[in-house]
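Heads up: the structure comes next, in structure tokens.
The values are calculated or read from the model by the stated rules, or taken from the named source; none is laboratory data. As the structure is a prediction and not an experimental result, all values here were calculated from the model. FYI the Cβ positions are ideal-geometry reconstructions off the backbone, even for glycines, and counts take in every protein chain you see. Calculation scope for accessible area: heavy atoms of the full protein, side chains included, ligands and nucleic acids excluded. Shrake-Rupley method; radii C 1.70, N 1.55, O 1.52, S 1.80 Å.
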Amino acid sequence: MTDRLDAQFAFLMEADKLKQVLRATTLADGSRPENSGEHSWHLALYAMVLADHAGPGVSIDRVIRMLILHDLVEIDVGDVPIHSANGSAHGSAETLAAEARAADRLFGLLPGDIGPDLRALWEEFEAAETPDAIFAKSLDRVQPVLHNLASGGGSWTEYNVTAEQIEARVGRKVARGAPRLWDFVRGRLRGYFPDL
């Protein structure tokens, strides 16, 4: 039992480092950068509150679990904003390989009956092929948009984001899992991106 608890607490203490990872997106009031721990918590709350926008068969409990886990790899890799390097850094082979190594290390801290299951949830979120993961990915894309709207443009101005980039990097992913949410948000984005 002691070895098991040592492993569980080692993982939990390592996960605390997610609070130190600063994101490109600020808090909604623009006062400071959001950290990835705050982002993950906020997304879990989004899933609970916006569950009525999920497609048929989506398990909100699984979505919440994915969202709590989805950015843990940033402990090793850091935040890679979707608009950085003109959008090429986020899904690059280098970033994906670094995230896989981080997942190996982090989920490997856990006992063998826990780590693989949590790793599988993380991988499912990353692949975004199941209904649960598609909805989770939609929420992950929509939350920073709302923060940028609330803070006067936020990271869009820093990265010179265009309407086409918002549609390609955000809109398609949100619309895929939560089309009504994208319709709602797109209407609010037209103040910044009239061409949407």
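Using only Cα atoms and rounding to the nearest 10 degrees, what angle (0 to 90) does helix 93-107 make with the longest principal axis of the chain? The two axes meet at around 40 degrees.
The angle between the Cα long axis of helix 2-15 and the main principal axis of the chain comes to about 20°, on a 0 to 90 degree scale. Distance from the alpha carbon centroid of segment 151-196 to that of segment 45-115 works out to 21 angstrom.
Multiplying the residue separation of Ser31 and Arg101 by 0.36 nm and subtracting their alpha-carbon distance yields 21.9 nm. As a rough guide to protection, the peptides 64-74, 166-176 ranked by mean Cβ packing within 10 Å, highest first, stand as 64-74, 166-176. Of the solvent-accessible surface of the chain, computed with a 1.4 Å probe over protein heavy atoms with every protein chain present, carbon and sulfur atoms account for 56 percent.
With respect to the chain, whose longest principal axis is taken over its alpha-carbon atoms, helix 60-69 is tilted by about 80°. Accessible surface area normalised per residue over the chain is 49 Å², counting heavy atoms of protein chains with a 1.4 Å rolling probe. The structure-derived value of percent of Cα pairs over 30 Å apart appears in the list [x] 13; [y] 31; [z] 19 under the label [z].
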